[in-house]
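Enquirer: Handing you this structure, nothing more for now.
Quick note: the coordinates plus some simple rules give every number you see, no bench work behind them. The shown structure was predicted, so the numbers you read here are calculated from the model rather than taken from an experiment. Every residue, glycine as well, gets a Cβ built from its backbone with ideal geometry; the counts of neighbours run over all protein chains shown.
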């Protein structure tokens, strides 16, 4: 679960980077606009993944390295 959440968070960061640098939202482009239902689901999943990744900050470091 940690790796999946981290992967979604990285995808979200790259998308925000493309919005900030190029003013281009990849998720909205792929799924038909930022208000499309699928886009909103993707945005929500990425947000939940980001919240999950907060827990990685507080995990025992040796336990995280073993995964």
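Enquirer: Can you tell me which condition residue 41 does not meet? The list is (1) over 13 Å from the mean Cα position of the chain (by Cα); (2) in a helix (DSSP H, G or I), and all the others hold.
Expert: Answer for residue 41: the failing condition is (1).
Enquirer: Applying the selection to segment 8-29, what residues are in a helix (DSSP H, G or I) and in contact with a helix residue (DSSP H, G or I) (Cβ under 8 Å, 6 or more places away or on another chain)?
Expert: Filtering segment 8-29 down to residues in a helix (DSSP H, G or I) leaves 8-22, 26-29.
Passing the criteria: 8, 9, 11, 12, 14, 15, 18, 26, 27, 28.
Enquirer: What's the number of the only condition in (1) assigned to a helix (DSSP H, G or I); (2) surrounded by fewer than 12 Cβ atoms within 10 Å (Cβ to Cβ); (3) free of Cβ contacts under 8 Å to residues at least 24 places away in the same chain that residue 4 fails to meet?
Expert: For residue 4, the exception is condition (3).
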